[in-house]
Every structure is written in C-alpha cells, then in structure tokens.
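The values are calculated or read from the model by the stated rules, or taken from the named source; none is laboratory data. This structure is a prediction, so every number in the text was calculated from the model and none was measured. Note: ideal-geometry Cβ built from the backbone for every residue, glycine included; neighbour counts use all protein chains shown. Please note that ligands, DNA and RNA were not included when accessible areas were found on the heavy atoms of the full protein model with its side chains. Shrake-Rupley method; radii C 1.70, N 1.55, O 1.52, S 1.80 Å.
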Amino acid sequence: MAEPNNTNSVNVDIEKGESSDSNNDSYTTELEPVLSLEMRKEFEEAGVPLSTIISHGSPDDPVMLERIGSAISIASETVGGAGAHKLDAKDANLPAFGGGKKYPPLIPYERDVFVVEYDGPDDPLHPQNFSTWKKVKIMAILAFCTFSAAWGSSIFATTVPTIAVKFHVSRVVAILSMSLYVLGFASGPLLWAPYSELSGRRKPLLMGILGFAIFNIAVARAQELQTIMICRFFAGFMGATCFAVVPATFADIFGNKWRGTAMIVFSATIFCGPLLAPVVGGFVVYGHLKWRWTEYLTGIYGWAGFLLVLFFIDETYAPQILVQKAARLRRLTGNWGIHSRQEQVEFDMKELLEKNFSRPLRMLATEPILLLMSIYTAFIYGMLYLLLEAYPIIFIELYGMSPTIGELPYLSMIVGQFIGCGIMLGFEPLTLRAIAANRGYPVPEMRLYGCMIGGIVFPIGMFWLTWAGAYHEHVHWAVPTVAGIFVGCGIIMIFLCSLTYLIEAYLMFAASAMAANTVLRSAFGAGFPIFATAMFHNLHVQWAGTLLGCIGILLAPVPFLFFKYGLKLRQMSKYTPVL
C-alpha cells in the first residue's frame, strides 16, 4: 500500500510501523488486493487509516468485511473530506490570534487520540445495530415519503387536458408541467447527495420534504401557467431528496443480508406511485374536487411525511452519529479536543464539482457497465412516463372509456410490479449464498437474474398491449389490460436489478455511478411524455408499440452480457473493487 502523506497526523498508526499492531499489518496486507489503487489513494488522502477499521475485527469477520466498504465509501465520497484537515501553504500567514494573545503551543498529543470511534462491531450506536423495529419504522416512513415524491410526478398528468383548456395552450405545452417535475428529479440529487454526506441524512430529508410540501401547495394556488411550471420544477427538485438520500439511508442501516429487500421496497415506491396517482387523479379532476386538489393532496402527503421524519426518524449516517457522540462527550468531560473525523471535513467546491459532475461523466464515458446499464434503465424509466400518455390513448380514445374509468388499467401494471418484486425476493436466498461463499463480499452479477427475466417479459407485454389495443373493435378491453401485468413486471425487474447491480459493482464509487444514472434516466423520463402522444397518433398504436418493443429486445442482451463478462470488465476497471 502506498505510504500516506506524512503531514497527515491521523495516519500515525500506519506511519509508525513499530507502534502498530503486527496483526493489523497482516490484515492490511490481506485487504490490499480487494481495493483498486485509486480507492486506496483516495481512502488514504481522506485521512482514515485502515488500521482503525481493521481493529474492529479480523479480515475473516463478515461484519468487518461489510463495514470496511462503508468506511471507504464515506472517505472517498464525502465532499471536502479529502485532505480537508491538512494545512495548505497559503495558510502559513495566519491571522492574529486575537485579544493580544500569542498563538498557544501545539497539543502534546497526536490528533488521532481525540477522535471518537465506534466501540467495535456491536456498538449499539452504529446504525446497522439498530433494533429490527427501529429499522422497519425508518424503512416504512421513508418508503411513504418516496412514494409521495413519485406520486407527485404523475398525478398532474390527469390535469393536462384541463390545464390546456384553462390556459389556452397546446397539450404538449401542458405536458411540460409534468416533464419539468421530472427534470427536478435529475438536478436535485446533485445538491442533496453531497449535502447528506456533510451533515447527515436527517437534515436534507427534512429540508427537501418540507420544500416539496410547500411547492405543491403553491402549484395548487397558482393562477398563471408559468407559476405552475416553476413550482412544479422546484417541487421535483425538493422531492428528489428522497431519491438521493433514502437509498443511502437504507445502506446505512441494512447490511448485505437485507439490502436487496430494502431496495425492492424502495423501487416499488418509485414505480407504484406514478401508476397509482393517475387512477386517483382521474376521480379527483373529473369529480367534485377538480384539478387543484391533485396538488393539495400531494402537498398533504408532503406535510405528513415531514412530520413523520421530524418526530420519528433519528440520524442514520454513521459519521454524523459520531459527531453527536463527540459533542456529548465534550459537554460531559469538558475536553474541547474530543471530535469526530466528520468534523474535520470542510465544504470544497472543487471536490463537489469533481465528484458530482466530472467523475460521473468520466465514468459514464469510460465504463461500459455503467454506460449500457444506464441506457437500459433510462429507457425503462422513460417508458414508465410514456405509458402515462399511451394508456389514455388506448383505453379512453380507442375503447371510449370515461376519463375516470380509463385510468383503472394502470392497476394491472401495479399488480405486475408486485409480482416482479415477489420474483426478485425469491432470488434473494441464492444471492445470499453466493455472498457467503465469497467471504461476505457482494457478488454483483447475482443481481442480474431478475433483469434477464424482465428483459424478456417487457417486450412481450408491449407487443401484447399495443396490438390488442389497436384492434379494439374486435378485442375485449380486458386483453390489453392483462398485458399491463407483463409490462409492469418487466419494468420493475429491469430497473431494480440494474440499480442494485451498479451499486454493488461500483461500491465505493456508487454515489458517482448513481449520479450519472440518475441524470440520464431523468432526462429520458422528462422527454418521453412530450413525444408520446404524437408518436402513438402518427405511427398508430400498434407500430409505436412495435418500435418500443423492438428497442426493448435490442437492450435485453445487456444483462446477459454482463452476467458472463461482468467480472472481467470489473477487473479491468479502476473504479470497481474485485472482492
């Protein structure tokens, strides 16, 4: 392992080989092969010695193996964490100490002596040691918040005809109010993800959900179209805190054993929300409440989520919990030198730009796994919002259903998603056995089984839905409705398995991989609804569906390709650990 910078005092245990435990040296040697050169470099620059983590267990301890990945992720991904505590040359001209006093002498101890740590793998303060009830409570509340943000993206689709008439604009212009919300999803994580790494998960969740509630109420009260569009964008921007922070929170509290299940819950809320919202929205818009109540209802969900997080969610970010522990110990002992490593971190705009713009784009351009899987998930995510325009064409325009009844076929897609989630849960025991056989490390390719099945099921559903719907004079409405089960099942399996695969493949650089993936898929999600109506009218339903189904067929081999060659590609990458 490369020698750490000698100016970094917290690396004393590594620098002074004679004072370090010989067992720790052997552990470090054994751990070196699983970390790429770039990961080790960033970890060391962040000032977190491997000996600190290794001291919590042996290399064969599955708890230690799992948490070393989290610690490296924290060190490499925290904006401002890399070298934030080092003295820069330009700081040599220090300001006057003040009060006519000279600078005090340096503390006669190494800085690392004052840094608080967790008391071993079983420390009850560590978020992965929370009680099962507390973890389930956190998961349920955050799933509701994510559902609310996803719900808000599509419930406005039912208001498009009303908005177009009320403000005298075309249908395409009215659809922009939905697309701008999804664009907020794309830009929001660029703020919320790094902020959650600096201040913990709870603050950005509270700020984002509060803003989400306020801007949705603002849309409900808006009297001009431009106000609606601006507030819709910021509602999506604020609501994106759930998409950026909730998966990280689940990773904070769940280990390898339950991470897959937690991601299934998260993905179900992302996809069930946009499909259930138009069903309810149709009855709201064409009932007694009218279109403004679609936003009032979404705002009420936002306020409920804010109150639940405020009163029932504790901090789950492990470094921030140590900040709280250090603050408490300072009060109790009067020793102002006690601190956590997170308090050494400072905001760094250069790192923010690099980690959230430069690195994701660089990875997207150079990593075939990230590029192809992101294109696949972006297409699937775009299809979710395209179908919000396609279903009314099939069931309201062609089958002649009322605007309220014509939204009910979305429920078949929700049924399909629950079936897809059940299938993926069935693969969890197989995945866990593979992880156990791999010394507790993730085996990313095991996550691709569901994606491979979904890649076959989705095109079948699209051909079935559109060709049956095109011949509505001869085919009962139940036939294309049942096709939605296949479409929904395929969408959820492709999306969920792809995201989980990317997270486990890139591990320490998962935040950058997710940033690239989020921007690309949100761009697709915003763009697809704009051309959906023209596409289905001009090409006709069956040929538009055939085109989309064929694109699905072209992308279907992607997970099969990575299932076979993924390990070799990861061995060639500087961003992926081979564990």
Any chance residue 177 is among the hydroxyl-bearing types (Ser, Thr, Tyr), in a helix (DSSP H, G or I) and closer than 22 Å to residue 360 by Cβ: no
The residue from 536, 531 that alone is more than 22 Å from residue 187 (Cβ to Cβ), more than 13 Å from the chain's Cα centre (by Cα) and in a helix (DSSP H, G or I) is 536
Condition set surrounded by fewer than 19 Cβ atoms within 10 Å (Cβ to Cβ) and of a type in the set (Phe, Trp, Tyr), scope segment 294-336, selection farthest from residue 250 (Cα to Cα): answer is 336
Of all residues in segment 438-471, which are open to solvent by 50 Å² or more (accessible area, probe 1.4 Å) and over 20 Å from residue 562 (Cβ atoms)? 439, 460, 463, 464, 467, 471
Reported set for segment 405-444 where residues are farther than 16 Å from residue 259 by Cβ and in contact with a Leu (Cβ under 7 Å, 6 or more places away or on another chain) is 410, 413, 414, 439
Flagged in segment 205-216 as surrounded by 21 or more Cβ atoms within 10 Å (Cβ to Cβ), more than 14 Å from the chain's Cα centre (by Cα) and of a type outside the set (Phe, Trp, Tyr), in numbering order, are 208, 209, 213, 216
Log entry, pairs with first residue in segment 86-113 being in a helix (DSSP H, G or I), second being at pLDDT 80 or above, beta carbons closer than 9 Å, six or more apart or on different chains, reads 111/337; 111/339; 113/337
Evaluate segment 191-204: report whether one residue or more is modelled with pLDDT under 85, open to solvent by 40 Å² or more (accessible area, probe 1.4 Å), more than 30 Å from residue 337 (Cβ to Cβ) and part of a helix (DSSP H, G or I). yes
If we ask which residues in segment 430-471 are of a type in the set (Phe, Trp, Tyr), touching a residue at least 40 places away in the same chain (Cβ under 8 Å) and part of a helix (DSSP H, G or I), their number turns out to be 4
Do we find that residue 251 is in contact (Cβ under 8 Å) with a residue 60 or more places away in the chain, closer than 24 Å to residue 167 by Cα and either hydrophobic (A, V, I, L, M, F, W, C) or in contact with an Asp or Glu (Cβ under 6 Å, 6 or more places away or on another chain) (or both) in this structure? no
Taking the criterion of being touching a Cys at 6+ places or on another chain (Cβ under 6 Å) and within 30 Å of residue 404 (Cα to Cα), would at least one residue in segment 304-311 satisfy it? yes
Hits in segment 399-416 - residues which are part of a helix (DSSP H, G or I), in contact with a helix residue (DSSP H, G or I) (Cβ under 6 Å, 6 or more places away or on another chain) and at pLDDT 90 or above: 410, 412, 413, 414, 415, 416
Where residues in segment 220-259 are in a helix (DSSP H, G or I) and of a type in the set (S, T, N, Q), which of them is most open to solvent (accessible area, probe 1.4 Å)? 226
Pull up segment 541-559, narrow it to residues that are out of contact with any Cys (no Cβ under 7 Å at 6 or more places or on another chain), in a helix (DSSP H, G or I) and within 15 Å of residue 373 (Cβ to Cβ), then point me to the one that is most open to solvent (accessible area, probe 1.4 Å). 554
Is at least one residue of segment 321-333 under 23 Å from residue 237 (Cβ atoms) and touching a residue at least 24 places away in the same chain (Cβ under 8 Å)? no
State whether the residues of segment 309-317 include one that is aromatic (Phe, Trp, Tyr), without any contact (Cβ under 8 Å) to a residue 12 or more places away in the chain, in a helix (DSSP H, G or I) and over 30 Å from residue 436 (Cα atoms). yes
Within segment 414-422, identify whether any single residue is in contact with a Cys (Cβ under 7 Å, 6 or more places away or on another chain) and open to solvent by 10 Å² or more (accessible area, probe 1.4 Å), and answer yes or no. yes
Verdict on residue 284 being touching a residue at least 40 places away in the same chain (Cβ under 8 Å), surrounded by fewer than 19 Cβ atoms within 10 Å (Cβ to Cβ) and in a helix (DSSP H, G or I): no
Answer yes if at least one residue in segment 92-114 is in contact with a strand residue (DSSP E or B) (Cβ under 8 Å, 6 or more places away or on another chain), at pLDDT 80 or above and either open to solvent by less than 80 Å² (accessible area, probe 1.4 Å) or at positive phi (or both), and no otherwise. yes
What is the one condition in (1) surrounded by fewer than 19 Cβ atoms within 10 Å (Cβ to Cβ); (2) modelled with pLDDT of 90 or more; (3) within 23 Å of residue 156 (Cβ to Cβ); (4) more than 31 Å from the chain's Cα centre (by Cα) that residue 394 does not satisfy? (1)
Starting from segment 474-493, keep only residues that are part of a helix (DSSP H, G or I), then list their pairs with residues that are surrounded by 24 or more Cβ atoms within 10 Å (Cβ to Cβ) and polar (S, T, N, Q) whose Cβ atoms are within a distance under 6 Å, requiring at least 6 positions of separation or different chains. 488/417; 492/417
